[in-house]
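Each remark here refers to the structure printed beneath this line.
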Amino acid sequence: KAGVTQTPRYLIKTRGQQVTLSCSPISGHRSVSWYQQTPGQGLQFLFEYFSETQRNKGNFPGRFSGRQFSNSRSEMNVSTLELGDSALYLCASSLEPNQPQHFGDGTRLSIL
Amino acid sequence: ELKVEQNPLFLSMQEGKNYTIYCNYSTTSDRLYWYRQDPGKSLESLFVLLSNGAVKQEGRLMASLDTKARLSTLHITAAVHDLSATYFCAVGKIGTASKLTFGTGTRLQVTL
């Protein structure tokens, strides 16, 4: 059974650009959550989607947005990139909300 | 606001020794997770603890939960080098259990 797949694995952008990250959950999983991991702030929750609806949102500015498609795949978008957005972005999926989450390998985003 | 404190931040231990990692959280929560992360890798789920007094064991690792004290412990028995990694606890708050709040992580280094 394939795990959570995140693409791309690595990404380099410059300040002011925007970026879209993709996450394909484990087959049958309908809930997708996103987290940001940085050395300074650790792991922080970004948002959670279920049935194409955002259920929870973390304390991030509006530049961070996401969506979920009918096949449960999810994307997150960051606009007007800042140096501080450099991080490992992790996607996690679960069968339904509040169930144990399984994490993907992440997308490492570097901002120059 | 839910806060999760983990200690120690760094732990260097010899093979064969025992040690415990502590995870304290600030408000009543629904469930507690322990994850392992190897350098450059994603999070691997170790344990899910759902109720007061829950104890789970896998190999040389044992996790327990005391909801009254808002404390979870991860006990390492007779450490081996392969256990070297960063260990995170994460707490899901009642009602929004998918929105995990992570501890700072404990970097465990097991030396020969």
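The values are calculated or read from the model by the stated rules, or taken from the named source; none is laboratory data. Computed from a predicted structure; not experimentally measured. Positions of Cβ are backbone-derived with ideal geometry, glycine not excepted, and every protein chain shown enters the neighbour counts.
Kindly provide the set of residues from region B:35-67 that are polar (S, T, N, Q) and outside any strand (DSSP E or B), ordered by number.
Taking region B:35-67 and keeping what is polar (S, T, N, Q), we get B:37, B:42, B:45, B:51-52, B:57, B:64, B:67.
Hits for region B:35-67 are B:SER42, B:SER51, B:ASN52, B:THR67.
Hand me the list of strands (runs of 3 or more DSSP E) wholly inside chain A holding 2 or more residues that are more than 14 Å from chain B (Cβ to nearest Cβ) and of a type outside the set (D, E, K, R).
It comes to A:10-13, A:19-24, A:64-68, A:74-78, A:107-111.
Go through B:TYR33, B:TYR25 for me and flag whichever is under 26 Å from A:GLY104 (Cα atoms), surrounded by 15 or more Cβ atoms within 10 Å (Cβ to Cβ) and more than 11 Å from the chain's Cα centre (by Cα).
Just one listed residue meets the conditions, B:TYR25.
Would you pick out the residues in region B:68-112 that are under 29 Å from A:ARG30 (Cα atoms), part of a loop (DSSP other than H, G, I, E, B) and more than 13 Å from the chain's Cα centre (by Cα)?
B:ILE94, B:GLY95
Have a look at A:SER31, A:SER24 and point out the one that is within 22 Å of B:GLY40 (Cβ to Cβ), within 15 Å of the chain's Cα centre (by Cα), surrounded by 20 or more Cβ atoms within 10 Å (Cβ to Cβ) and small (Gly, Ala, Ser).
One residue alone meets the criteria, A:SER24.
Identify all residues within region B:1-22 that are under 12 Å from the mean Cα position of the chain (by Cα) and not hydroxyl-bearing (Ser, Thr, Tyr); write none if there are none.
B:VAL4, B:GLU5, B:GLN6, B:ASN7, B:PRO8, B:LEU9, B:ILE21
Kindly check whether there is at least one residue in region B:44-61 that is touching a helix residue (DSSP H, G or I) at 6+ places or on another chain (Cβ under 9 Å), at pLDDT 95 or above and surrounded by 14 or more Cβ atoms within 10 Å (Cβ to Cβ).
Yes, region B:44-61 contains at least one residue that is touching a helix residue (DSSP H, G or I) at 6+ places or on another chain (Cβ under 9 Å), at pLDDT 95 or above and surrounded by 14 or more Cβ atoms within 10 Å (Cβ to Cβ).
How about region B:50-90: which of its residues are within 11 Å of another protein chain (Cβ to nearest Cβ) and farther than 22 Å from B:VAL110 by Cα?
Result: B:LEU50, B:ALA90.
Can you find a residue in region B:1-24 that is of a type outside the set (A, V, I, L, M, F, W, C) and within 22 Å of A:LYS57 (Cβ to Cβ)?
yes
Residue by residue through region A:53-84, note down the ones that are at pLDDT 95 or above and under 22 Å from B:GLY92 (Cβ atoms).
Hits for region A:53-84 are A:PHE60, A:PHE64, A:GLY66, A:GLN68, A:SER72, A:SER74, A:MET76.
Got a number for residues in region B:7-49 being within 17 Å of A:THR38 (Cα to Cα) and within 10 Å of chain A (Cβ to nearest Cβ)?
Residues flagged as within 17 Å of A:THR38 (Cα to Cα) and within 10 Å of chain A (Cβ to nearest Cβ) within region B:7-49 amount to 6.
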